[in-house]
Amino acid sequence: MNVLVMNPPNIPFTNSSLLAPPLDVVGLATLIKKYFDTSFLDMDALRIQEIPRNIYETIDVIVALIDYQIPLHTTKATEHLLEMIKKYGKEKKIIVIGKTPTYFSERFIKAGATVVIRGIYDEVIIPVLKNIFHIENLKQIPNLVLNETNKMILTKREILNNDYSKLPIPDYSFLNFQNYMDTATMITSRGCDGACKYCSTPFFFHRFQSRCAKDVVDEMEILVTKYHKKKIIFLDDNMTISKERMFEICKEIKKRKLFILLGCLSSIAHYDKALFETMYEVGFRWIHFGIESGSEEVLKKMGKPMNIDYIKQVIKEVKEIGFRVRTSFILDYPGSKVEDFNQTKNLILDLCPHEIRLHYLAYRPGTPVTYENPAEPVSTYIHSPKSSKDLFYQKEILLFLQDLEKKNYLVLLEDQEWSSYNELSKNTKFVSMVPMKYGMCWYE
Ligand code: SF4
């Protein structure tokens, strides 16, 4: 049986200068390859909206994985995928996986998908593929939504082990690295022990699971020796949840004398000075903290209570260690008042991070904030104002951006070609309302 594993097109297509390989999709293809003839298609990277004829004619099953870990897919991209399913579902078996299909499975089945896998795919994808032509067998597999001649059938719900540490290292030969940004990316864990109400990670992946230090550094070595990568960003939602594991990873990097520049996403709640010093020693130079608000009241509402003075102390220490620091803020969290917005502005000015990412809240499916605000339009990814009530923020943000410009920040309001920013000094500061390229302005 021939299986096509695909990353459906992001529409509008992801800006090519910040395009990261869809590692979850590569991981899925790697797993399937052990059992079936497998081809891989990143429609976002190739900027194509249809499966090329020569590939389409050779395949029996299409497996599409969307917004599993990196939530770049827009509502428009989802609509386009539904159109593709309508077209291809007449001739091919189609399996759909991801957060959006999990929460909106009915729409995918109605469009013509054969199976939607609800939640994590690890333990069920191979049994599903083996039984894809036998609906009665599929009914015995947990966590599926099935299409039985346009009737929707839900199989039993079961919490599976889904041991992340058992998944193989992604097979990078599926990728043409020329299609992606220079900085390599890795994902080594999933889940989070936090409970931020706007984030789907703890609710979708449940408990934190990770790959061991040896496995992580094996993968790094492949990227360094075989693909000559000079920088790696770990796109784990929160790389420093397990202090012990991070210490182990640093020890392993040191032992193998691996020289590569590294960056990762962390959280203030999982900061540890000794750990960050050790990380710096082995090559970590860039760190992202989702701080999200300068108001303790709003932080409580968000489900991430934090003391503002402690945030200031952490950022000061991290900068002193030598990291380039990116922080993100959500400006319009429900229940925020003008004074909360002012507190956020003051905190940003006080922290003076190297990179600032300002967001409007995206109401992602499956998150508490979405359930608490049923009137808001659910989306997986929004970076523009949503309604007239945002006019206040639009006006205030523009004024704030002018303040930051006076403090030598480069202000980025629209997607752009990032190559012109490659040679800037490591002290260059950015503030952005759009996704920023990884790996900029940190060199050694
Ligand atoms: S710390 Fe990060 S990954 Fe964890 S719940 Fe909060 S936003 Fe999500």
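Data overview
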| read-out | value |
| --- | --- |
| Volume per residue of the C-alpha convex hull in segment 3-134, rounded to whole Å³ | 98 Å³ |
| Net length gained if the chain between LYS251 and ALA195 were fully extended (0.36 nm per residue, minus Cα distance) | 17.2 nm |
| Stokes-Einstein D in µm²/s, Kirkwood radius over Cα pairs - segment 181-432 at 37 °C with 0.692 mPa s viscosity | 170 µm²/s |
| Cα long-axis angle, helix 23-33 against the chain (0 to 90 degrees, to the nearest 10) | 30 degrees |
| Partnerless Cys - the chain, beta-carbon criterion under 4.7 Å | CYS192, CYS212, CYS250, CYS264, CYS352, CYS441 |
| In Hz, Karplus ³J(HN,Hα) per residue of segment 243-255 (6.51, -1.76, 1.60; θ = phi - 60°; x = Gly, Pro) | 4, 4, 5, 5, 4, 4, 4, 4, 4, 5, 4, 5, 4 |
| Sites matching trypsin sites (Lys or Arg not before Pro) across segment 1-67 that sit in DSSP coil, with at most 11 neighbouring C-beta atoms within 10 Å | LYS34 |
| Qualifying aspartates and glutamates (Cα of each under 16 Å from Cα of LYS426; at least 8 residues distant if same chain) | GLU320, GLU355, GLU444 |
| Gap separating the Cα centres of segment 306-369 and segment 157-199, nearest whole Å | 25 Å |
| Gain in span if fully extended, GLU277 to PHE13, counting 0.36 nm per residue against the direct Cα distance | 91.2 nm |
| Spatially proximal lysines relative to LYS273 (Cα-Cα < 18 Å; intrachain offsets below 8 disregarded) | LYS243, LYS251, LYS312, LYS316, LYS319 |
| Partner lysines for LYS337 [C-alpha distance under 20 Å; skip if fewer than 8 residues away on the same chain] | LYS197, LYS300, LYS301, LYS304, LYS345, LYS386, LYS389, LYS395 |
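Values in this text are rule-based calculations from the coordinates and carry no lab data. Quick caveat: nothing in here was measured; it's all calculated off a predicted structure. Because the Cβ atoms are built from the backbone with ideal geometry, glycine has one as well, and the counts that use them run over all protein chains shown.
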